[in-house]
Amino acid sequence: MDIGRLVNVYNDVTGVAIYQGDVSDASLYRSHYDIVLAFSVWVYIMYVIEKVAAITDGVLLFETHKLENNLNVYTELIGKYFPYHHVMGYSEWGASLDTREKRAILLFAHSQDAIDSALTTPQATKAKA
């Protein structure tokens, strides 16, 4: 968390919330967010995914656990609350583990517009002199 906050300060980024807590605790999900990150935590948020969906105004960036020909399980279960998804790519299961094993990185949203917006690179703005 400290590193995340330092990166925000270094880059002069505001409006980013970084929290630490038990992601399986439904009472934590009160504020709304444009982007929610969930990396390899399905076993913890599967019971509160409805709450996660309710507080996600934009997209959920989600990393699966090791895929075992079961990507559809994630898209079907999470798709009940986020009907749109996009496969961003794949990451390794672990550097010290079998490198043929993969995890998927998925973008979930309530609308295709939210997916498209998240995938669009913002135009750079010129600094004022």
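The values are calculated or read from the model by the stated rules, or taken from the named source; none is laboratory data. The shown structure was predicted, so the numbers you read here are calculated from the model rather than taken from an experiment. Because the Cβ atoms are built from the backbone with ideal geometry, glycine has one as well, and the counts that use them run over all protein chains shown.
Of note:
- Filtered residue count, the range 101-115, keeping only those that are under 13 Å from E63 (Cβ atoms) and under 12 Å from the mean Cα position of the chain (by Cα): 5
- Scanning the range 42-55 for residues that are surrounded by fewer than 13 Cβ atoms within 10 Å (Cβ to Cβ) and part of a helix (DSSP H, G or I) yields a total of 2.
- Output for the range 25-40, where each listed residue is of a type in the set (D, E, K, R) and exposed (fewer than 12 other Cβ atoms within 10 Å of the Cβ): D25, R30
- Filtered residues of the range 25-40 (kept if in contact with a strand residue (DSSP E or B) (Cβ under 9 Å, 6 or more places away or on another chain) and either of a type in the set (D, E) or outside any loop (DSSP other than H, G, I, E, B) (or both)): Y33, D34, I35, V36, L37, A38, F39
- Any hit, the range 46-54, residues being farther than 23 Å from T120 by Cα and modelled with pLDDT under 90: no
- Among the residues of the range 5-59, those that are of a type in the set (G, A, S) and either under 24 Å from I78 (Cβ atoms) or in contact with a Leu (Cβ under 6 Å, 6 or more places away or on another chain) (or both) comprise A17, G21, S24, A26, S27, S31, A38, S40, A53, A54, G58.
- Of the criteria (1) under 12 Å from the mean Cα position of the chain (by Cα); (2) part of a helix (DSSP H, G or I), which one G58 fails: (2)
- Among the candidates D22, D12, the residue that is surrounded by fewer than 13 Cβ atoms within 10 Å (Cβ to Cβ), at pLDDT below 85 and not in a strand (DSSP E or B) is uniquely D12.
- Looking only at residues in the range 73-100 that are aromatic (F, W, Y) and within 12 Å of E63 (Cα to Cα), the one that is modelled with the highest pLDDT is Y74.
- The lone exception for A129 - which of (1) farther than 22 Å from A38 by Cβ; (2) modelled with pLDDT of 95 or more it fails: (2)
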